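FYI, it's all coordinate maths here, none of it is from the lab. Please read these numbers as outputs of a predicted model, since none were measured by experiment. In this analysis, Cβ positions are derived from the backbone assuming ideal geometry, glycine residues included, and neighbour counts consider all displayed protein chains.
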Amino acid sequence: MSEIQNAAAEKKQVIFSGIQPSGTLTLGNYIGALRNFVKLQNDYDCIYCIVDEHAITVRQNPADLRRRCLELAAIYIASGLDPKKNLIYCQSHVSAHAELAWILNCFTYMGELNRMTQFKAKSAAHADNINAGLFTYPVLMAADILLYQTNLVPVGVDQKQHLELCRDIAQRFNGIYGDVFTIPEGYIPKVGAKIMSLQEPEKKMSKSDPEETYIALLDDADTIRRKIRRAVTDSDGEIRYDPENKPGVSNLLSIMSALGAGEIDAIAAELQGKGYGELKNRTTECVVEALSPLQSEYKRLVADKAYLQSVIDENAKTAAYLANKTLRKVQKKIGYAPRG
Ligand code: ATP
Ligand code: LTN
């Protein structure tokens, strides 16, 4: 094989995902997304973005947003992502994201965006600020993904609808202009794709909800114990996986299983007859054990702002190079005047 054929044979598939620096990361973000980023990093070329442009669809305090971007870089690295192997950078530092989003806005129908359940939920939660960015949020997400010719997108199940829209936009564009974009697939975990609120286990655990409803990745052991002890369960006392009728108990079983305690049914069988107190103790142990290495590494990293800044600066340059290749191709296809 020639060198070029060799390089092509070795070329890995591309992964892209993003997390918003919009609050304290939760156990839901960890189990649904971050943990899988780490698992996939050796087998793919991975791009993990800090999506600050998505975060401003909800009003943010500038000082908090600025701080949270570097903190999220520290979380990415502390959870095990190697910044030399994975591109970790801020979305706003690569202008191609916003530029492609504009173009894709012109290939997306109002009717499609009107169907997005996250838009409906967020506009209900922020009735005083239903802005156009919130409405076109999925188009920016499509631009993020399509810029890098992404094959696989690891996300929680709440992002499935956005991902399907991304595929529809890409197919529509390719149908008109030829094969410009790779059509991405979702990577949604079998267990833990939707971790539920501790207080209202019928609802997704979300970093924008009140403190006691979620476990933050940086909560200490006592806080985790207290929050899990107060988690809503039910009154029949039986430990069984049944999300429909026993959402609270099922959520704790899912958390344990996702964190490596075994198959859900095996955990439930082992805890049979032991009561919710024991279920909660065991869940606490699993969560504390999973998060403590991340927490100590985070503390070390977050103190070194210069290092974090250098990571996002360097990686943004590489990301911009890759993103601009796709952007230039798109601009040419749609007929923008050539650059001199
Ligand atoms: P918000 O609740 O403020 O909208 P969010 O946590 O849902 O924020 P992101 O920070 O952008 O939104 O989510 C990052 C990733 O975490 C996404 O892939 C999302 O699907 C996943 N995720 C978020 N919440 C959960 C959850 N409760 N269970 C599993 N995955 C989740
Ligand atoms: N919309 C996602 C965050 C996000 C994303 C992306 C995820 C923005 N761009 C690209 C995967 C790929 C969310 O709200 N969780």
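Rank LEU218, LEU291, THR108 by how far each Cα sits towards the positive end of the charge dipole of the chain (+1 on Lys, Arg Cβ; -1 on Asp, Glu Cβ) and give me just the farthest.
THR108
In nm, to one decimal, how far is the modelled label at ASP265 from the one at TYR336, with both set 7 Å along Cα→Cβ?
Here the answer is 5.4 nm between the modelled labels.
What residue among SER17, SER92, SER197 shows peak mean-square fluctuation when the chain is described by a Gaussian network model with Cα springs under 10 Å?
SER92
Using the structure shown, list the pairs from LYS122/LYS299; LYS39/LYS190; LYS194/LYS227 with a Cα-Cα distance above 24 Å, or answer none.
LYS122/LYS299
Order these by the 10 Å Cβ neighbour count, fewest first: VAL58, VAL94, VAL330.
VAL58, VAL330, VAL94
When the convex hull of the Cα atoms of the chain is projected onto a plane and the area is averaged over all directions, what value comes out in nm²?
About 20.3 nm², averaged over all directions.
Where is the GNM fluctuation largest for the chain (alpha-carbon springs, 10 angstrom cutoff): THR26, THR223, THR136?
THR223
Give me ARG226, ARG339 sorted ascending by neighbouring Cβ count inside 10 Å, so fewest comes first.
ARG339, ARG226
Considering only the other residues whose Cβ falls under 11 Å of the Cβ of PRO189, what net charge follows from Lys and Arg at +1 and Asp and Glu at -1?
+4
In percent, how large is the relative contact order of the chain, given Cα pairs closer than 8 Å and 6 or more residues apart?
RCO, the chain: 22 percent.
Where does the range 210-340 land on the Kirkwood hydrodynamic radius, alpha-carbon pairs, in angstrom?
Answer for the range 210-340: a Kirkwood hydrodynamic radius of 18.5 Å.
Rounded to the nearest 500, what is the chain's calculated 222 nm mean residue ellipticity when only DSSP H runs of at least 4 contribute -39500 (n - 2.57) each, over all residues?
Using -39500 (n - 2.57) per qualifying helix, the result is -16500 deg cm²/dmol.
What's the exposure ranking of HIS126, HIS93, HIS162, going from fewest to most Cβ atoms within 10 Å?
HIS126, HIS93, HIS162
Could you work out the Rg to Rh ratio of the range 129-243, with Rh taken as the Kirkwood radius (inverse of the mean 1/r over all Cα pairs)?
1.11
Using 0.36 nm per residue, how much length does the chain from ASP234 to THR318 gain when fully extended, once their Cα-Cα distance is taken away?
That pair, ASP234 and THR318, stretches by 25.2 nm at full extension.
To the nearest 0.05, how large is the calculated FRET efficiency for GLU244 and ASP43 if R₀ is 30 Å and r is the Cβ-Cβ distance?
My answer for the efficiency is 0.25.
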